[in-house]
Amino acid sequence: MKIIIKQFRKEYEDTWDQFVEKQSINGTFLQERRFLNYHEEGKFEDCSLMFYENDNLVAVCPACIIREEGKRQFYSHLGSSYGGIIVEKGLLRVDKMRCLYETFEEYLKEQGFQKCTLKMSMDLLCVYPQDLIKFILTYYEYRETKELNIYIDFEKYNNDTLSNFSKMKKRNVRKCLQLEMQLKELNSKKEIEEFYTILSENLKKYSIKPVHNVIEMLDLKNRLGDNIAFYGVYYGNTLLAGTMVFIFKKTKCVHTQYLAADPEYAKLNAMAFVYYKMIEIYKKRAFRYLSWGITTEHGGKNINWNLTNNKEEFGSLHGVNSIFEKELF
């Protein structure tokens, strides 16, 4: 077996997206160019790679160049939450994966990269286990760090949604029901801008801004169609809380990219109602997983204990997202 590596170029966009969508076992629209291209051109120094065997595309790796601590790094594309090497099922053989990674590392060294960082797809989003990929990376002395992800598996969930909740969350949701709060899908520019304002205010206490600005959110809605949705909880005509979700149909998983409530109405506990309604909606739509996202920071080095506890109180389970790093020189 021989692997040939080519650097991604714009004219390969359709080939890339077709591979990720139709052939890969661990790729999603988050690694497709139609998603990555929502960033303005030139924002990242793209160094994405395409892997061929006998002229057949068998893997891709979305990546960009970063310079940190004086080192030139090959880094999973910063335009997406997940990257790593995206492969077809036929590569899941030890001898083939060995060939791929040896060729990959040789290429990185030839290109003068001093460090490599790969953020793997969340396991919930893979149509086939990627354990062999993780093993090979560890075998070739990549250091693995893990982020804690909180999620719900509806196959392990009681049918009566509230029976899975803690006493406090049950009480919060029942109060919201008594107040006749309503969850609505947000579709208009004005509604999404209003949600963004709440999100921005919510994140100020952490001294951070949303990863996406409101223009990018609106662009993503146009690009992704039914792979993205916005929801808001209303009390009368007042938006109290909301969420932006990514919808992964192949693995029946919905992921809450953002969850935010207006601090001014904190006592109404509208966020508990968001969790409740998300569970109800996607359970009825026969989804398997509902991911609440990670509760760790700085690549898993710190854990937000309060956030973790809050998400656990909805009957959630725990998973890990893997990040692999290796010093090349």
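Since every read-out is calculated from the coordinates, none of them should be taken as a lab result. Being a predicted model, the structure only gives us computed values, none of them experimental.
Brief remarks on what is shown
- Alpha-carbon centroid distance for the pair the range 231-300 / the range 81-107, whole angstrom: 34
- Normalised by the number of residues in the chain, the mean separation of alpha-carbon contacts (under 8 Å, six or more apart) gives a relative contact order of 22 percent.
- DSSP bridge orientation in the chain - percent antiparallel, rounded to nearest 5: 90
- Flagged links, alpha-carbon separation over 31 Å, of Lys156/Lys249; Lys119/Lys169; Lys10/Lys311; Lys96/Lys156; Lys221/Lys311; Lys96/Lys209: Lys119/Lys169; Lys10/Lys311; Lys96/Lys156; Lys96/Lys209
- Cα-Cα pairs of the chain separated by more than 33 Å (percent): 29
- Restraint check, Lys167/Lys205; Lys71/Lys109; Lys170/Lys267; Lys301/Lys326, Cα-Cα greater than 21 Å: Lys167/Lys205
- Relative to the dominant Cα principal axis of the chain, helix 214-224 is inclined by about 70°.
- Rounded, prolate or oblate (a/c below 1.5 giving rounded, otherwise prolate when a/b exceeds b/c) for the range 142-245 by Cα gyration tensor: oblate
- Among Leu100, Leu137, Leu177, the largest mean-square fluctuation in a Gaussian network model of the chain (Cα springs under 10 Å) belongs to Leu177.
- Cα gyration tensor category, rounded, prolate or oblate, for the range 1-152 with a/c compared to 1.5: rounded
- Mean residue ellipticity (222 nm) of the chain, computed from DSSP H runs ≥ 4 via -39,500 (n - 2.57), nearest 500: -9000 deg cm²/dmol
- Compared with the dominant Cα axis of the chain, that is its longest principal axis, helix 94-110 is turned about 80°.
- For Ile228, nonlocal amide neighbours, meaning residues 5 or more places apart or on other chains whose placed amide H falls under 5 Å from its own, are Ile247.
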